[in-house]
Structures are given as structure tokens and as C-alpha cells.
Amino acid sequence: MEQLLHYVWKHKITPLGELYTTDGQSVEIIDPGLHNRNAGPDFFNAKVRIDGQTWVGNIEIHDHSKDWFLHGHDHDSAYDNVILHVAETIDADVVNSKGETLPQLQLNVPQHVAENYHALMATDNYPPCYKIVPHLTRLTVHSWMSALETERLEQKTEAIRQRAERLGGSWEDALFVTLARNYGFGINGDAFEQWAMNLHLNCVAHHRDDLFQIEAMFMGQAGLLDINSVPERHQQAALNDPYFQRMVNEYRYFAHKFSLAPMDYKQWRFLRLRPQNFPHIRISQLANLYYGRRLSLSNLIECTTANEISSLLETHVTPYWGTHYAFGAESPQNNKSMSPFSINLLLINTAVPMLFAYGRHSYKEQLCERAFDILEQLKAENNHIIRMWRECGLNVANAGDSQALIQLKKMYCDKRDCLRCRIGYEYLKKQ
């Protein structure tokens, strides 16, 4: 399997004896090079010594040497700087586009590596390497989790950067959209992001001093002022509800004034949602937060601790929603403030990535360092992924650890990308 050959070459897992090309020249791997996962040769800037002479260039690897021609490398000048062709089966001489014959090295995957790899791929347990986890050194675990934590923040940074770009370069609006997405708490995340992108915050800003008008635009753009969005058993009560009617009329005025078009209310999910998480409740909380003007990019940047940021995120519903979960559906009085558990998640998924992303954007390394510091101050998430890793023997001390392990599960275990995982490396090399 070509991926395994890449792994063997990258980690120099070669036979103990001396290596030779197919025409008898000695080969010493000084530096395997940089693994390339895009178009072009498999490893860039490798350094090998062939028959006593040092060569610096690229390496191409195939299962069979005939694959060189199958992939058209003999007519592609991008492969003219290949200094060594590596294959498990040598069944043809290979030449580049200049007609030059390339030296070839036959390299086999060690039996124990192949067996361990197939065991990883065959197991249904998560993670597939669970047997080796308790035996990993603290240094191995710590260094890999640090790398995964950074990788996850980089991934979120790219998502925030793209939002800012779509919003005309406004990082302030990107903060609001990122926060809105995370108000969906997974289930309604996509719908909340679409809603926030469709809000036209520059229009809402003209009425920022009026909480009712803010909520009218927020609810209207969400499609929740469409009577069909109200459960049928509550529709008549909603039609007779003065607050609902007033809000509908207010939104109609703004829709005409700013040429607004609501999103399709059918995109919101209610099934198996606790009423506290209904879109109406979350949108009212966001309206109150927006009205209070506490959460802004400048205020976020000034915060140095998790507690300071938490105070920016504290909010509750407007008075109507203190006694309702849906239009026309009354409920016992409850100000429905954001719970500490929810605020913790918003800090992990909104505030920290925003600090890191804006730090990268503005070349302020102290903001990136602060993002890591705040993650260490926050409680670890408690979900099925984290519980799984704890059962495997890993310590999860804070949110930095839990974010790292979520990244490990989603980007490596779920994709069976064990060859890029450091725990997978430890598993594969065991005898």
C-alpha cells in the first residue's frame, strides 16, 4: 500500500542492513524530505547519498515502478528533479521527461508495521489504538496534544477569516456571526450562521438603541414571524398575541425600508431540543446581548482572563420570552439567562478562537498566547468524545486538552488517518 510506503520512508523504518539501488549502488537516507500531500513528487528537498555522492532533490514513491508511467510522470517536467524512485515492486525502469533513467530503490514495508496497520484498520473500537494509550509516555501525550490544540485553533481561525472576508473585511461582524453559530450549540449551528450572515448588521445598527426593534429584525430575518413557523396548536393564540402582531408589523416596516428577506424557517430544528435551546430563546438572548453593547472586538481584546470574558457573554431573554418558549405559548416565569455551562462552551468555541484568529490577522502574538492561557483556565468539555478518551486512560485537565482530543477524534480517528497520528506511529512501530 503506497501510503504505508510513504510512512516507512518518512520515518526511515528501513532494514538494518545497507540499502542498494536496483543497479547495485549503495543508498543512505540522510533526510527523507518534506512530505507533500498535494500535486507533485511525494517528498520535497530530500537528501540521500547514492554510491558515495550526496544528492538533494525530490523522492517519488509507488507500489509498483510501472505506476510511474501510469501516472504520466515520464512526460511531466515537475518530476525532472526526482533523485530517487522508491517502490515496493520493481517491474520497470523509469525515465523522466528528459529521457534520463532514474535510480530506483526497492523498499518493503516491515511485516510488523503492515500487521499493526491492518489491525488498526480492522478494529471497530474507538480509538483503534486504544490498547497502547495507557503505555504512552507523558512527553509523547503532552507534545501531541499541544500540537492538536494548535491545529484545532488554526482550523477555527481559517473559518473566522473566511467569514470576515465574506463580510467585507469586518472582524466585528465576524465576531457576531461566529458567536451566533455557536449559539446553535451544534444542532442549529448552520442555521444560526446563515441567519447571522443574512442579518445586515449595518441596518440593525441604525436601531441599536431600541431593544424591541432589534428583536423584531432578529426574529423576522430568522423567518420566525411567519405564522407557519408557529406550531399549529399555538397559531390562533399567536394571532391574538399583541406582542407577536406588533413585532410582525415592525418587521414589515424594516423589511420594506432595508429590502430585507427572511430565511426559510424550516431550516430551524426543534426535534429533541430542550425548550431552553429553542431558536426563539437563543435569538432573544442575542438581541439583548447586542443591545447591551458589551460584547465587541475591542472589549474582547482587553480581557485577560476567562472570568472577564464570561461577564461580556452574560445575557438573558427579553421580558416577553421570560414567560414564553414560542409565540402564543405561555410558560412559567423564567428569565432564561445563559447558564455557566453554555458560557463555558461559548468561551471555548467563540472567544478563544476569535482572540487567536485576530492575533494572527493583526500580527499580535500576545493575543494568540492569551487564547492558549484562557483555554487552560476553562473546564474541559464533557461529551461522549472526552468520556471515551478518559476511559482509554488519558487525563483531560482543561479545555485545551478537550479541544485537542476532539481534534484527534474528528480529524484522525474518524478518518482512519493513523499514519499522520503520533499515537498511531507509536502503535505501528511496536513489535
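The values are calculated or read from the model by the stated rules, or taken from the named source; none is laboratory data. Keep in mind that this is a model prediction, so the values were computed, not measured. Here the Cβ is made from the backbone with ideal geometry for all residues, glycine too, and neighbour counts use every protein chain on show. Ligands, DNA and RNA are stripped out before the accessible areas are found, and what is left, the full protein with its side chains, is counted by its heavy atoms. Shrake-Rupley method; radii C 1.70, N 1.55, O 1.52, S 1.80 Å.
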Size of charge dipole - the chain - debye, nearest 20, with Cβ of Lys, Arg +1 and Asp, Glu -1, no other charges
1660
Loop-only GluC sites (Glu not before Pro) in the range 70-179, please: DSSP not H, G, I, E or B, and at most 13 other Cβ atoms within 10 Å.
Glu100
Could you sort out which of Lys156/Lys266; Lys266/Lys410; Lys66/Lys410; Lys12/Lys66; Lys379/Lys410; Lys47/Lys430 sit more than 32 Å apart by Cα distance in this structure?
Lys66/Lys410
The range 128-238: proportion of alpha-carbon pairs further apart than 19 angstrom, %:
63
Computed over the range 1-79, the ratio Rg/Rh where both radii use C-alpha atoms and Rh is Kirkwood
0.95
Volume per residue of the C-alpha convex hull in the range 36-174, rounded to whole Å³
234
For the chain, with every protein chain kept in place, what is the accessible area per residue (1.4 Å probe, Å²)?
49
Can you give the helix-only mean residue ellipticity at 222 nm for the chain, where every DSSP H stretch with n ≥ 4 adds -39500 (n - 2.57) and the sum goes over all residues, rounded to the nearest 500 deg cm²/dmol?
-13500 deg cm²/dmol
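Could you compute the FRET efficiency for His64 and Glu369, with r as their C-beta to C-beta distance and R0 at 51 Å, rounded to 0.05?
0.55
Report the extension gain between Glu100 and Phe212 in nm, rounded to one decimal, defined as 0.36 nm multiplied by the number of residues separating them, less their alpha carbon distance.
Once the chain is fully extended between Glu100 and Phe212, it gains 32.7 nm.
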Need one number: the % of Cα-Cα pairs in the range 235-334 sitting beyond the 23 Å mark.
41
For the chain, taking Cα atoms only, what is the radius of gyration to one decimal and the Dmax to the nearest whole Å?
28.4, 91
